[in-house]
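Written below as C-alpha cells is the structure these notes are about.
The values are calculated or read from the model by the stated rules, or taken from the named source; none is laboratory data. What you see is a predicted model, and the numbers here were worked out from it, not measured in a lab. Cβ: placed from backbone, ideal geometry, glycine included. Neighbour counts: every protein chain shown.
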Amino acid sequence: MVKKNTKINWFKRHPVLSTILIIFAMLFIFGFFDSFSSNSGEKHLKEKYEVLDSYCVDRGAGVNMKSLGNRDDQVTEGIIYLYKDCQNSEKYYITILEPTKRCLYSFNGEIIKLWYNSIEQDDFFIPEASKGIIESDTGFFLWKSYARLSYEFEIENGISEMTDSQMMLSLAYKNYLENGITESTLYSIIEYETNDPFNCE
C-alpha cells in the first residue's frame with residue numbers, strides 16, 4: 001500500500017487555517033525584503049560619507065557623520081535620505097563631526113516634508129494646517145527674527161553693505177510679508193539653519 005502524504009491531507013482538512021498560514025508567510029517574506037530596501041537612504045550616505053550612526057523614530061530621526069566636502073551638500077543629502085527612510089519623524093537632526101568641533105542641525109519634520117515634496121511638484125501648495133505647525137516651531141521663530149533684522153538692515157543701509165546671506169534672508173522675508181509661508185520660506189529656513197554658525201561648538 002502507498003502511504004498517504006500526511007502534510008497534504010492536513011492542508012485539505014484545514015483549508016481556512018491553511019489559507020491564513022499562507023497569507024502570514026507571504027507577509028513575512030515581503031516584510032523581510034522590505035527591511036532591506038527601507039534603509040536605502042542610510043546606505044547611500046554610507047557610500048558617500050563616513051556615517052558613524054543613525055536612528056529613526058517618530059519623535060526624531062538623525063544621522064551622525066564625519067565632515068566631508070561641501071557643508072551645504074552634506075546637510076542637504078543627509079536631510080533627503082533621512083526623510084526617505086523616516087517620513088513620519090517630527091524632527092530631523094544632522095550631526096557633523098569636524099576634527100575640532102561638532103555641528104548639530106535641527107529641522108522641523110513638517111518643513112522637510114513640504115520642502116521635499118516641492119522638489120517633485122510644479123504646482124506646489126502649502127496647506128493652512130502645515131503653516132500653523134511651521135509658525136509654532138522654534139526654528140521658524142529664530143529664522144523670522146534674523147530675517148527681519150536683515151530686512152531692516154537693507155532698508156536702512158541698502159544692499160551694498162550686505163552679505164549674500166543677509167540679502168537672501170531679506171528677500172525671503174519680503175516674500176513672507178507679502179505672501180505668508182511659501183516655498184521660498186521653506187528653502188530659506190533650511191539654508192539659514194545650515195549656515196548658522198551657532199550650531200557648531
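Of the residues Ser150, Ser165, Ser160, which is of a type in the set (Gly, Ala, Ser) and either buried (at least 18 other Cβ atoms within 10 Å of the Cβ) or not in a helix (DSSP H, G or I) (or both)? Even if it seems obvious, please write down each step before you answer.
Numbers: Ser165 fails: either buried (at least 18 other Cβ atoms within 10 Å of the Cβ) or not in a helix (DSSP H, G or I) (or both); Ser160 fails: either buried (at least 18 other Cβ atoms within 10 Å of the Cβ) or not in a helix (DSSP H, G or I) (or both).
Within the list Ser150, Ser165, Ser160, the selection yields Ser150.
Limited to the stretch 17-69, what total is found for residues that are in contact with a Phe, Trp or Tyr (Cβ under 9 Å, 6 or more places away or on another chain), closer than 14 Å to Tyr93 by Cα and modelled with pLDDT under 85?
Residues that pass the stated criteria total 1.
Quick one: which residue in Tyr116, Tyr81, Tyr93 is closer than 21 Å to Lys43 by Cβ and not assigned by TED's automatic domain parsing to the domain that holds Lys48?
Working: Tyr81 fails: not assigned by TED's automatic domain parsing to the domain that holds Lys48; Tyr93 fails: not assigned by TED's automatic domain parsing to the domain that holds Lys48.
Residue meeting the stated conditions: Tyr116.
Residues that are farther than 23 Å from Ser130 by Cα and either at pLDDT 90 or above or surrounded by fewer than 18 Cβ atoms within 10 Å (Cβ to Cβ) (or both): does the stretch 79-92 have at least one?
The first filter runs over the stretch 79-92 and keeps only residues farther than 23 Å from Ser130 by Cα, leaving none.
Within the stretch 79-92, none of the residues are farther than 23 Å from Ser130 by Cα and either at pLDDT 90 or above or surrounded by fewer than 18 Cβ atoms within 10 Å (Cβ to Cβ) (or both).
Do we find a residue being among the hydroxyl-bearing types (Ser, Thr, Tyr) and either in contact with a strand residue (DSSP E or B) (Cβ under 6 Å, 6 or more places away or on another chain) or at positive phi (or both) anywhere in the stretch 131-154?
Quick first cut of the stretch 131-154, residues among the hydroxyl-bearing types (Ser, Thr, Tyr) only: 136, 138, 145-146, 150-151.
Subsequent filtering for residues that are either in contact with a strand residue (DSSP E or B) (Cβ under 6 Å, 6 or more places away or on another chain) or at positive phi (or both) retains none.
No, the stretch 131-154 contains no residue that is among the hydroxyl-bearing types (Ser, Thr, Tyr) and either in contact with a strand residue (DSSP E or B) (Cβ under 6 Å, 6 or more places away or on another chain) or at positive phi (or both).
Output the residue which, of all residues in the stretch 127-141 that are in a helix (DSSP H, G or I) and out of contact with any helix residue (DSSP H, G or I) (no Cβ under 8 Å at 6 or more places or on another chain), is nearest to Asn108 (Cα to Cα). Show your work before the answer.
Kept after step one, since they are in a helix (DSSP H, G or I), are these residues of the stretch 127-141: 128-135, 138-141.
Imposing the further condition that a residue be out of contact with any helix residue (DSSP H, G or I) (no Cβ under 8 Å at 6 or more places or on another chain) reduces the set to 128-129, 131-132, 135, 138, 141.
On the way: Glu128: 16, Ala129: 14, Lys131: 12, Gly132: 12, Glu135: 11, Thr138: 9, Phe141: 12 Å.
That would be Thr138.
Determine whether the stretch 95-104 contains at least one residue that is of a type outside the set (A, V, I, L, M), over 19 Å from Thr182 (Cβ atoms) and surrounded by 15 or more Cβ atoms within 10 Å (Cβ to Cβ). Quick ask: steps written out before the conclusion?
To start, the set of residues in the stretch 95-104 that are of a type outside the set (A, V, I, L, M) comprises 95, 98-103.
Retained after the next criterion (residues that are over 19 Å from Thr182 (Cβ atoms)): 95, 98-103.
With the extra rule that they be surrounded by 15 or more Cβ atoms within 10 Å (Cβ to Cβ), the set shrinks to 95, 103.
Taking every residue of the stretch 95-104 in turn, at least one turns out to be of a type outside the set (A, V, I, L, M), over 19 Å from Thr182 (Cβ atoms) and surrounded by 15 or more Cβ atoms within 10 Å (Cβ to Cβ).
When the residues of the stretch 110-126 are narrowed to those that are in contact (Cβ under 8 Å) with a residue 24 or more places away in the chain and part of a loop (DSSP other than H, G, I, E, B), which ends up nearest to Ile181 (Cα to Cα)?
Of everything passing the filter in the stretch 110-126, Ile126 is nearest to Ile181 (Cα to Cα).
For the stretch 85-109, which positions are under 9 Å from the mean Cα position of the chain (by Cα) and outside any loop (DSSP other than H, G, I, E, B)?
Hits for the stretch 85-109 are Asp85, Lys91, Tyr92, Tyr93, Phe107, Asn108, Gly109.
Going by what's in this entry, would Asn108 be described as closer than 23 Å to Pro197 by Cα, of a type outside the set (A, V, I, L, M) and at pLDDT 95 or above?
Numbers: closer than 23 Å to Pro197 by Cα: yes; of a type outside the set (A, V, I, L, M): yes; at pLDDT 95 or above: yes.
Yes; evaluated as a whole, the condition is true for this residue.
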